[in-house]
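K.L.:
My structure is below; once you've seen it, I'll send some questions.
The values are calculated or read from the model by the stated rules, or taken from the named source; none is laboratory data. If you're wondering where the values come from, they're calculated on a predicted model, not measured in any experiment. Methodologically, a virtual Cβ is constructed for each residue, glycine included, from the backbone with ideal geometry; neighbour enumeration extends over all protein chains shown.
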Amino acid sequence: MSEHITYEEEQGRLARSLQDIENQLRSIGPKYTGDDFTEQVLDHQREERKQRLEIAFKEPYFGRIDFQEMFQDGVSVAKDNMALYIGKAGVAKEGGNELLVIDWRAPVASLFYSFTGGEALAEYESPDGEISGHVHLKRNFMIRQGELVRLVDSYVRGQEEGGVTDEFLLFRLGENKDNKLRDIVSTIQGEQDKIIRAERNKALFIQGVAGSGKTTVALHRLAFLLYQYEGRIRADRMIIFAPNRMFLDYISGVLPELGVGDIGQTTFGDWAVELLDHSIQLSDPSETMIHWFEERRSVEEWEQASGRWKGSIAFKKIIDDRLTEIQATILPTISFNPLPRFELTPEMMREWYDTDYGDETIMVKRDRLASRIRRWLESELKQRGISDKKIRAGAMSKLNSFVKKMPSFSALQLYTSLFKGKTALAGVPKALAKATADRLGNGKAASEDLAALTYIHLKLYGLHSAPFDHIVIDEAQDYSPFQLEVLRLCQRTVSMTILGDLQQGIHGYTGIHSWNELKGLFSEEDTGFYELNRSYRSTMEIIEFANYILGGMTGEVKPAVPVFRSGDPVVAEQRNNDDWLPAIHATIQQWQAKGEYDTISIIARTERESYDIHQYLIAQGVEVSLVNSKQPTYSGGLTVVPVYLSKGLEFDAVLIADAGAVAYENMDAKLLYVGCTRALHMLKLLYRGDRTPLLADWND
């Protein structure tokens, strides 16, 4: 225990802080409901302050760092030692003359995350330049309902450093999960903090192993950017792309806990359908993705048939060529002669098109040119004093006929033309062309069609809303280069956080095999690349087991490095078909009887298998929920989930329902890896018949 302040003194300090915050909350008047603009602005500021105070009242701070500033940009200043308390929301003391709590995003707060011990000078970047000095104390707090329930000193200057550095982290990692992702603001690690505070105007790629916290890092990065660039970027111009709606629900609590709202959260499919004005519907993924998983259609077959080709930059270039052809047909090649001695030449129309609307999109330029021709005609009629209604009506009729000859397309029409009729692309397999054209003809699109459809729409009509200030793409290993190119068009300046794990790239028929496939879309100076190889989710036993599953694979990703948190060994048990379902039931009963796990998941190979397990357990009187591809929420407790939908989720205990040779072949290593790395504390595998060849030499 530090000699700086005792446990009792910290309790007293906490009580005074809570009283101060409560006093400030009481002093905020009622919400203004009038029409005065100035009062509305002031009320908005009061509401923001109230929100910060309410966050602080729940947990005023989680850390303290005692820092003695010694140098500012190399110039000696030798100030007094300061005790800095770090929290989710910055709070000034009542009266506003002194900081009670420092916002975790403030420059000086970076010391709390970057300092790992030692008596050398520590430094941080402030608006005034580099500040360096000595850290005398680093302390972690856990505060619950106004009570100080845990205090851990991870560094005390002058004392020998023991094994307490990670004590607080290990304690937090050992806690059970509920049905929502939590913020990690009190346990952000140094390598994570560097990503969170990285400069804004880059495409930032994060390769993070399972459990490395990459999703929470990206969410905290959004909160940091709003703080760092206040007034220059807006929350309502940020967007998060997640793999599915259930995952969006799972992460929905993090940003509000950090005091951030109004950030768009969606899937690429939902965003694309909205961008296309709901002119298409997304076809059931069972027609493609689930079909592939359950029938084991090879990646090569999908590459040839659809997925990676439609998501490639080569396909984008084909579309660009078609768009160039379309644009050439828009400009009239003959004069417009609505009345005798009235002539608008093609040369004049081309000049308007090229000079007046040069930066507009194709259909916008077409519509503006049509409007310009109309204004020309009205001006000519007025200048020549032609007021006869019949003559004017005739001229307008000729105008309408002339404009109709200028082609107009929707994204769906143009994309369909690539696979149907005289304008269909040469060399496309007939089966693929027919399947795509038939699907589009029914107003539906497969996921692999969305990149092309949205790209065409953006080139024809542009983005309906303001460009995005920042884009987060989660599970980006499942994105195609074409999808990323589409999102690039939605920004004026590159500002993206792109995260994923190549080892969890289970959608190989559409996703990438190397980060270079996406990084190559940007100039080198516009990109950054970070690796998060330490896994904070699972015990050492689970991580080592998961690494074993991928042991025979090659690639650019390093194995996960576990935090030193030991737990129960991983267990694999053989069952036959007759006792397989009873064994699942018995395992769940045993785990629930122990009362140690709040969230338990049975991870099945397919949706069909998930359904069968769920029905059996229901018949046994077990309270269990079933997760499927159309489900918008994850409710926690005991769940059955197909492995491909488990990605991104976490559970206290995981039972792999069947890890037999029939269920998981060598090609399914990434899929089994995903399932196993969902477990925090306990992992067990059952297998029918022979175990998967992925575990042929594993000794449990």
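K.L.:
Being charged (D, E, K, R), within 38 Å of the chain's Cα centre (by Cα) and either under 19 Å from residue 103 (Cα atoms) or modelled with pLDDT under 85 (or both) is the filter here; which residues of region 14-30 pass it? It would help to see each step written out before you state the result.
P.N.:
Going through region 14-30, the residues charged (D, E, K, R) turn out to be 16, 20, 22, 26.
Still in the list and also within 38 Å of the chain's Cα centre (by Cα): 20, 22, 26.
Correct list: 20, 22.
K.L.:
Which of the strands (runs of 3 or more DSSP E) found entirely inside region 141-252 contain at least 1 residues meeting this: aliphatic (A, V, I, L, M) and outside the structural domain of residue 522 (by TED's automatic domain parsing)? Steps first, answer last, please.
P.N.:
Details: elements: 147-156, 203-208, 238-242.
Strands (runs of 3 or more DSSP E) meeting the threshold: 147-156.
K.L.:
Could you list all residues from region 613-641 that are part of a strand (DSSP E or B) and either in contact (Cβ under 8 Å) with a residue 60 or more places away in the chain or among the hydroxyl-bearing types (Ser, Thr, Tyr) (or both)? Give the steps one after another, and end with the answer.
P.N.:
Quick first cut of region 613-641, residues part of a strand (DSSP E or B) only: 625-626, 638-641.
Result: 625, 639.
K.L.:
Looking only at region 459-468, how many residues end up being among the hydroxyl-bearing types (Ser, Thr, Tyr) and assigned to a loop (DSSP other than H, G, I, E, B)? First the steps, then the outcome.
P.N.:
Here is the first cut: in region 459-468, the ones among the hydroxyl-bearing types (Ser, Thr, Tyr) are 461, 465.
Next, from what is left, pick out any that are assigned to a loop (DSSP other than H, G, I, E, B): 465.
Number of matching residues: 1.
K.L.:
Within region 21-44, identify whether any single residue is closer than 24 Å to residue 183 by Cβ, crowded, with 16+ Cβ neighbours inside 10 Å and of a type outside the set (Val, Ile, Thr), and answer yes or no. Steps first, answer last, please.
P.N.:
Taking region 21-44 as the starting set, the residues that turn out to be closer than 24 Å to residue 183 by Cβ are 21-22, 24-25.
Pick out the ones that are also crowded, with 16+ Cβ neighbours inside 10 Å and you get 21, 24.
Those still in the list that are of a type outside the set (Val, Ile, Thr) too: 24.
Yes: region 21-44 contains one or more residues that are closer than 24 Å to residue 183 by Cβ, crowded, with 16+ Cβ neighbours inside 10 Å and of a type outside the set (Val, Ile, Thr).
K.L.:
Shifting gears a bit: Of all residues in region 478-521, which are farther than 21 Å from residue 232 by Cα and among the hydroxyl-bearing types (Ser, Thr, Tyr)? Full working, then the answer.
P.N.:
From region 478-521, those farther than 21 Å from residue 232 by Cα are 478-486, 498-521; that's our starting set.
Residues satisfying the conditions are 479, 480, 509, 510, 514.
K.L.:
Which of the residues that make up region 413-431 are in a helix (DSSP H, G or I) and more than 19 Å from residue 321 (Cβ to Cβ)?
P.N.:
So the first thing to find is which residues in region 413-431 are in a helix (DSSP H, G or I), and the list is 413-417, 421-423, 430-431.
Hits for region 413-431 are 430, 431.
K.L.:
Then there is this: Can you name every residue in region 582-599 that is without any contact (Cβ under 8 Å) to a residue 24 or more places away in the chain and hydroxyl-bearing (Ser, Thr, Tyr)?
P.N.:
Across region 582-599, there are no qualifying residues.
K.L.:
Let me ask something else. Identify the single condition in (1) on the phi > 0 side of the Ramachandran plot; (2) modelled with pLDDT of 95 or more that residue 555 does not satisfy, given that it satisfies every other one.
P.N.:
(2)
For (1) without any contact (Cβ under 8 Å) to a residue 24 or more places away in the chain; (2) among the charged types (D, E, K, R); (3) within 27 Å of residue 333 (Cα to Cα), each residue gets a yes or a no:
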site: 354; (1), (2), (3): yes, yes, yes
site: 380; (1), (2), (3): no, yes, yes
site: 395; (1), (2), (3): no, no, yes
site: 398; (1), (2), (3): no, yes, yes
site: 409; (1), (2), (3): no, no, yes
site: 421; (1), (2), (3): yes, no, yes
site: 442; (1), (2), (3): yes, no, no
site: 448; (1), (2), (3): no, yes, no
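Conditions tested, residue by residue: (1) out of contact with any Leu (no Cβ under 7 Å at 6 or more places or on another chain); (2) assigned to a loop (DSSP other than H, G, I, E, B); (3) assigned by TED's automatic domain parsing to the domain that holds residue 489.
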{"residue": "338", "(1), (2), (3)": "no, yes, no"}
{"residue": "341", "(1), (2), (3)": "yes, yes, no"}
{"residue": "349", "(1), (2), (3)": "no, no, no"}
{"residue": "368", "(1), (2), (3)": "yes, no, no"}
{"residue": "394", "(1), (2), (3)": "yes, no, no"}
{"residue": "400", "(1), (2), (3)": "yes, no, no"}
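K.L.:
Do you know which residues across region 577-616 are acidic (Asp, Glu), over 18 Å from residue 653 (Cα atoms) and surrounded by fewer than 19 Cβ atoms within 10 Å (Cβ to Cβ)? Steps first, answer last, please.
P.N.:
Let us first name the residues in region 577-616 that are acidic (Asp, Glu), namely 578-579, 596, 598, 607, 609, 612.
When the remaining residues are screened for being over 18 Å from residue 653 (Cα atoms), the result is 578-579, 607, 609, 612.
Selection gives 578, 579, 612.
K.L.:
Same structure again: Is it true that residue 277 is modelled with pLDDT under 90 and not in a helix (DSSP H, G or I)? Break it down into steps so the answer makes sense when it comes.
P.N.:
On the way: modelled with pLDDT under 90: no; not in a helix (DSSP H, G or I): yes.
Criteria not met by residue 277.
K.L.:
Which pairs do you get when a residue that is surrounded by fewer than 16 Cβ atoms within 10 Å (Cβ to Cβ), found in region 326-345, comes within reach of a residue that is of a type in the set (D, E, K, R), reach meaning Cβ atoms under 7 angstrom, with the pair 6+ apart or on two chains?
P.N.:
335/343; 337/343
K.L.:
Return the residues of region 646-663 that are touching a strand residue (DSSP E or B) at 6+ places or on another chain (Cβ under 9 Å) and more than 20 Å from residue 590 (Cβ to Cβ); say none if nothing qualifies.
P.N.:
As a first pass, look at region 646-663 and keep what is touching a strand residue (DSSP E or B) at 6+ places or on another chain (Cβ under 9 Å): 646, 648-663.
Across region 646-663, the qualifying residues are 646, 648, 649, 650, 660, 661, 662, 663.
K.L.:
Kindly establish whether residue 573 is acidic (Asp, Glu) and within 24 Å of residue 698 (Cα to Cα).
P.N.:
Working: acidic (Asp, Glu): yes; within 24 Å of residue 698 (Cα to Cα): yes.
Yes: the conditions hold for residue 573.
K.L.:
What are the residue pairs meeting all of these: first residue in region 463-485, first residue among the acidic types (Asp, Glu), second residue surrounded by 23 or more Cβ atoms within 10 Å (Cβ to Cβ) and part of a helix (DSSP H, G or I), Cβ atoms under 6 Å, and 6 or more apart or on different chains?
P.N.:
The qualifying pairs are 474/215.
K.L.:
Which number in (1) surrounded by fewer than 17 Cβ atoms within 10 Å (Cβ to Cβ); (2) more than 25 Å from residue 443 (Cα to Cα) marks the one condition that residue 426 misses?
P.N.:
(2)
K.L.:
Moving to a separate point now. Of the residues 600, 584, 613, which single one is under 19 Å from residue 180 (Cβ atoms), at pLDDT 95 or above and in contact with a strand residue (DSSP E or B) (Cβ under 9 Å, 6 or more places away or on another chain)?
P.N.:
Working: 584 fails: under 19 Å from residue 180 (Cβ atoms); 613 fails: under 19 Å from residue 180 (Cβ atoms).
After applying the criteria, what remains is 600.
K.L.:
With (1) closer than 24 Å to residue 455 by Cα; (2) surrounded by 16 or more Cβ atoms within 10 Å (Cβ to Cβ); (3) modelled with pLDDT of 90 or more as the list, and residue 321 as the residue in question, which single condition is left unmet?
P.N.:
Status for residue 321: all satisfied but (2).
K.L.:
Shifting gears a bit: Here is a check on your reading of the model: is residue 11 surrounded by fewer than 17 Cβ atoms within 10 Å (Cβ to Cβ), more than 23 Å from residue 197 (Cα to Cα), within 32 Å of the chain's Cα centre (by Cα) and touching a residue at least 60 places away in the same chain (Cβ under 8 Å)?
P.N.:
Answer is no for this residue.
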